[in-house]
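Asks: Here's a structure for you.
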Amino acid sequence: MRATFDAAVVRHGPTVLRVCRAVLGVGADADDAWSETFLSALRAWPELPEETNVEAWLVRVAHRRAVDVVRRSARAATPAGGADDVALLDEWARAGGGRSCGARGTWTGDDDEAGDPAIWAAVAALPTRQRLCVAYRYLGGLPYAEIAELTGGGEAAARRAAADGVAALRRTQLEEQPS
């Protein structure tokens, strides 16, 4: 039998928050997407099939809610789905939306629960598709086929973007280590 909704929030809440922060940056936008994810999930919970991978399902819901947050902040109707979502998030990121990082990735947030500010700044500096693929794969645990559905494109492209993103994060971390 599937766990109660409260137990799902406790178990998967931190993962969903990390995904929201990776997509939107640490701050109010990510917190809003997290809240909206669980409000949407609560409405759908009674009809959710028993065999559903709850964590993967919540990550997909979080993706949609993150895109909704961006659409609301843009105050314009935009097309939905896959590559259109990535383009919208990319445009929003270029405009500085939702990022808690200032010029050249300098951390400007004050969230004690966010963890290492340097890693969040490095994640925020990744190109949008790489950031999304890293977040959905390594924070959300989604298989590459589902990541491809969310971001548009193929499974191989999602795998490549995630690998390139991880490589860039490793380079950033190596550059920041004292010699």
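Asks: Which loop GluC sites (Glu not before Pro) in region 9-52, with loop taken from DSSP, have no more than 15 other Cβ atoms within 10 angstrom of their Cβ?
Replies: Those satisfying the criteria are Glu50, Glu51.
Asks: Can you give me the distance in nm between label points at Ala156 and Ser35, each placed 7 Å from the Cα along the Cα-to-Cβ direction?
Replies: Modelled inter-label distance: 4.4 nm.
Asks: Would you kindly state how much longer the chain becomes between Ala3 and Ser73 on full extension, computed as 0.36 nm times their sequence separation minus their alpha carbon distance, in nm to one decimal?
Replies: Computed gain between Ala3 and Ser73 is 21.7 nm.
Since every read-out is calculated from the coordinates, none of them should be taken as a lab result. Predicted model only: the values in this text are computed from it and were never measured. Cβ sites come from the backbone with ideal geometry, for glycine too, and all protein chains shown count toward neighbours.
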